[in-house]
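Below: the structure, in structure tokens.
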Amino acid sequence: MEATGNNAIVIQELTKQRNEFILDHLNLVLPSGCILGLVGENGAGKSTTIQLILNMIQCDEGKITVLGKDSRERPERLREDIGVVLDEVGFPQFLTARQTAKVMEGIFSNWDNARFDELLRQFSLPMDKPFKDYSRGMKMKLGLAAALSHHAKLLVLDEATSGLDPVVRDDILDILLDFTRDPDHSVLLSSHIVSDLEKVCDYIAFLHKGKLLLCEEKDRLMEEYGILHVSPEELSSLPQDLILRVRKGNYSSEVLVRRDTLPASYAASLQPIDLENLFIIMIKGSDIG
């Protein structure tokens, strides 16, 4: 994905070391009007990337441009345009939604109380119940309502659907799809729930141990890649330059290939791949047979 045109986020050669972990020269682009799904196992670097974008930590190398501005220059101005929902919504436990609105009004110059009230009604959230008495799903919805109530152009969600029941997750995903109907609105969604990303994302980025393995349009991933199930003998006879990743079993192996490089003789054996299986073979497979 090239850093051209109107982009919400452009990450160039981003590097950060934290103890033994290294986010290694990450390059990533989120076009405006799109949802980018950041997927990876725990410890892959998803949260580190988001913390760097939000200026919660500083990078060792590289550059991040957010909504056309260097993220390190006057971050307080960027804050107005970014709605953030982290995996733990950090509102004070004793505050009600009504009191939370008063706090947000003092933080964001574009805070919209009417929009916040509308979202509370849409999410069926009580105005006068303390935050500590909310369920996890209610807390996430309140965090999302706040993120959507200061006219942000970019939403950043870090594992915001984790631990929620399927109905609540589906509600949140529908809200994200509605948000990006505006071509100036974009979403960065970090999750290990691949089915959520498959439903809403325009682009998918795979992180593994601090490295970007793959970043493509979601629909193109389905078109470009396929799986061959082969015996050990068939695996040994496959041309090595066809094999992107291979996951070996005792009796058969799964081989990830590009459809456009596959000889016609293998076409009948090729099977489609979904995002979850693609993620698994990218993480658990090896580079060569």
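Return yes or no: is Arg121 modelled with pLDDT of 90 or more and either at negative phi or not hydrophobic (A, V, I, L, M, F, W, C) (or both)?
Criteria met by Arg121.
Does Glu216 fit the bill of being of a type in the set (Asp, Glu), closer than 29 Å to Arg115 by Cα and in the same structural domain as Cys34 (by TED's automatic domain parsing)?
no
Out of the helices (runs of 4 or more DSSP H) lying entirely within segment 208-289, which hold 3 or more residues that are under 23 Å from the mean Cα position of the chain (by Cα) and acidic (Asp, Glu)?
Helices (runs of 4 or more DSSP H) meeting the threshold: 218-224.
Only one of these conditions is not met by Glu13: (1) in contact with an Asp or Glu (Cβ under 9 Å, 6 or more places away or on another chain); (2) in a loop (DSSP other than H, G, I, E, B); (3) at pLDDT 90 or above. Which number is it?
(2)
May I ask you to list pairs of residues, at least six apart or on different chains, whose Cβ atoms are under 6 Å apart, with the first in segment 76-92 being closer than 19 Å to Ser191 by Cα and the second being surrounded by fewer than 19 Cβ atoms within 10 Å (Cβ to Cβ)?
Pairs that qualify, where the first residue is closer than 19 Å to Ser191 by Cα and the partner is surrounded by fewer than 19 Cβ atoms within 10 Å (Cβ to Cβ), are Asp87/Ser162.
Going by the structure shown, is Asp182 surrounded by fewer than 18 Cβ atoms within 10 Å (Cβ to Cβ), in contact (Cβ under 8 Å) with a residue 40 or more places away in the chain and within 29 Å of Gly106 (Cα to Cα)?
yes
Which one of these does Arg259 not meet: (1) touching a residue at least 40 places away in the same chain (Cβ under 8 Å); (2) touching a strand residue (DSSP E or B) at 6+ places or on another chain (Cβ under 6 Å)?
(1)
Can you tell me how many residues in segment 190-207 are assigned to a strand (DSSP E or B), over 12 Å from Ser162 (Cβ atoms) and hydroxyl-bearing (Ser, Thr, Tyr)?
Result for segment 190-207: 1.
The values are calculated or read from the model by the stated rules, or taken from the named source; none is laboratory data. Bear in mind that the values here come from a model prediction, so they are computed numbers and not experimental data. Heads up, the Cβs are rebuilt from the backbone with ideal geometry, glycines too, and the neighbour counts pull from every protein chain shown.
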